[in-house]
Amino acid sequence: MSYFNVPKIEFEGPESKNPFAFKQYNPEEEVAGKKMKHHLRFAAAYWHCMRNDLSDPFGQGTALMPWDDGGDSLENALRRVDVFFEFLEKLGLEYYCFHDRDLAPEMNDLAESNRLLEAVVEKLEARQKETGVKLLWGTACLFKDRKYAQGGATSPYLDVYAYAAAQVKAALDATNRLGGLGYTFWGGREGYATLWNTDMKRELDHLAQFLHMAVDYKKKIGFEGPFYIEPKPREPTTHQYDTDAATCLNFLREYGLLEHFRLNIETNHATLAGHSMFHDLQVAIGAGMLGSIDANRGDELIGWDTDQFPTDIYLTTEVMLAVLGMGGFTTGGLNFDAKRRRESHEPEDLFHAHIGGMDAFARGLKIAAAIREDGRLAEFVQQRYASFDSDLGRRVEKGEATLEELQRLALENPEPMIPSGRQEMLEGLINEFI
Ligand code: XLS
Ligand code: NI
Ligand code: NI
C-alpha cells in the first residue's frame, strides 16, 4: 500500500531538473571528514507532516490528506504511522520528533489518552526496528487543550499542573521506550497574557520544580538522553518565560538545572526574540549548551512564527558554521519544525518542502566547510583579538590582572589607534563561497 504518488528521492546532482531529486544533498558524500547525513542528522516533525491541516487564524485547513478520516480513532492514528514511515523512507530521513498528542488524540479521560498513546508507540517501535529510523526527541503538548489556556507547568491551578506532570511522565515513558535521543520542553503557554493577574516569581519557581521532578523521573526510568529547552519569546503568550537562549541559561543556572539540560534553538524563535539564528546559536554554543536545532525560518514581512522551510543559503551557511565550529551534533540534529504554506496543500508538497530544506542545508554545509578550510575568516577573527595573546592579555583572560596594571598600559598608550573591523571585506569574502 502506497500513500504518496512520489518516487524514492535520490541524489542526482546540481544539473538535475527533476523536482523529485536532491541537487545538493548526497547523504553518503564526505564533507570535512564525515558523511553528509552524519553532519546534518535531519529529522521530520510528526506534527507538521501528519497533523498540520494548514489552517490559519483566518481560514480553514487546506491540506489534502486522503489517508486521514479526521477522526479520533486508534485505527486512524495507526494508519498515520504507516503514511509517515513511507514519507521518511522515500526522503531518506533517519530521525523524527513528536508531541504525545500528535501521535494519539487527547480523550476526555487521561487513562484512555494514555492507552491510545501506548498503542501508537507500540507500532512506532515496530516500524523503527524495521526501518532503522530513530527518534530524535519526544515532547508533551501542554498548550493545545483548553485546560492549558493559563499555562501547564506555570498554571496557577494545581490540578492543571498535575495533569501536565502526568502528561510529561507518559511522554517520557514513550520517548524512553522508543530509544529517543533527547526530550524537549517547549513552554508554549508557560508565560503570561497580563502581569495584572500573574505572580511571575511563583510561576517560575513552579516551573523549576516541575523540571526537577522530570529530571528525577528521567533518572528513575534510566532515560539517558538530555533534556532540551526550546526558547521562544512569545506566541501564543504575550511573554514566554523561555524567551531566548540567554534567558534560558540564566533560568537553568538559577534553579540548579544546568547540567541536565541543553538548548534546542529554533530559527524563527530566535528572530522573534530580535536575534539572528547565528546569534542565539553562538550564545548556546558559548555556554557549551547547544543540543539540537529546529530548522525553519520566518518571514521579514510577517511578525509571527511562520515556520517556513529554510531555503536561505546565508542562513544555512551560518548554522552549519556554528555546528561545525562546535564539533558537530552529538544527540541532536536538524529537525524541520516547518510547515508548507497554506497554498501548498497537495501531499507531494511535503516532499518539495523537505527536499528544498535538505538541499539548502547540504549547500550550507559544503559552503561552511569550504570557508573553514580556506581559513581566512577564522584567521581574521583570531588576529583581531591577538593583543590578548600578549602576556598582559593572557593574565586578563585568566583573571590575574589588576586595574593598576591596566592603568600602566593605558598611560603608556593613551590614545590607541584601532584597526578597521573590515565588515564589508568579510561580507565579500563570504560571498566568494556562496
Ligand atoms: C512552537 C514550537 C514547537 C516545539 C515543540 O513554536 O516550535 O513546535 O518545537 O513543542
Ligand atoms: Ni520548535
Ligand atoms: Ni516554533
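Can you confirm whether E379 is at pLDDT 95 or above, of a type in the set (D, E, K, R), surrounded by 10 or more Cβ atoms within 10 Å (Cβ to Cβ) and assigned to a helix (DSSP H, G or I)?
yes
When the residues of the range 137-195 are filtered to those that are polar (S, T, N, Q) and not in a loop (DSSP other than H, G, I, E, B), which remaining residue is surrounded by the fewest Cβ atoms within 10 Å (Cβ to Cβ)?
Among residues in the range 137-195 that are polar (S, T, N, Q) and not in a loop (DSSP other than H, G, I, E, B), the one surrounded by the fewest Cβ atoms within 10 Å (Cβ to Cβ) is N176.
Show me the helices (runs of 4 or more DSSP H) entirely contained within the range 222-296 in which 1 or more residues are more than 15 Å from ligand 1 (Cβ to nearest atom) and surrounded by fewer than 21 Cβ atoms within 10 Å (Cβ to Cβ).
Correct list: 245-254, 277-286.
Under 6 Å between Cβ atoms, at least 6 apart or on separate chains: pull out the pairs that start in the range 150-177 with a residue that is under 23 Å from W196 (Cβ atoms) and end on any residue that is in a helix (DSSP H, G or I) and not hydroxyl-bearing (S, T, Y).
Within 6 Å, the pairs are G152/A164; A153/A164; A153/L207; A153/F210; T154/E203; T154/H206; T154/L207; V160/K147.
Which of the residues spanning the range 25-42 are surrounded by 21 or more Cβ atoms within 10 Å (Cβ to Cβ) and either within 18 Å of G13 (Cβ to Cβ) or not aromatic (F, W, Y) (or both)?
Listed by number, the residues that qualify are Y25, M36, H39, L40, R41.
Any residue in the range 394-409 that is surrounded by 12 or more Cβ atoms within 10 Å (Cβ to Cβ) sitting within a Cβ distance under 6 Å of a residue that is not in a helix (DSSP H, G or I)? List the pairs, counting only those 6 or more apart or interchain.
R395/A401
As an exercise: evaluate Q209 against (1) touching a Ser or Thr at 6+ places or on another chain (Cβ under 8 Å); (2) away from ligand 1 (no atom under 16 Å from the Cβ); (3) within 16 Å of P156 (Cβ to Cβ) and give the number of the one condition it does not meet.
Result: Q209 fails condition (1) only.
If you take the residues of the range 43-69 that are of a type in the set (S, T, Y) and over 22 Å from Y183 (Cβ atoms), which of them is surrounded by the most Cβ atoms within 10 Å (Cβ to Cβ)?
T62
Looking at (1) more than 18 Å from H354 (Cβ to Cβ); (2) surrounded by 11 or more Cβ atoms within 10 Å (Cβ to Cβ), which one does E75 not meet, given that it meets all the others?
Of the numbered conditions (1) more than 18 Å from H354 (Cβ to Cβ); (2) surrounded by 11 or more Cβ atoms within 10 Å (Cβ to Cβ), the odd one out for E75 is (2).
In the range 323-360, what residues are outside any loop (DSSP other than H, G, I, E, B), within 16 Å of ligand 1 (Cβ to nearest atom) and touching a Gly at 6+ places or on another chain (Cβ under 9 Å)?
Passing the criteria: L334, F336.
The values are calculated or read from the model by the stated rules, or taken from the named source; none is laboratory data. Remember, it's a predicted structure, so these values are computed and weren't measured experimentally. Positions of Cβ are generated from backbone atoms using ideal geometry, with glycine treated the same way; all protein chains shown enter the neighbour counts.
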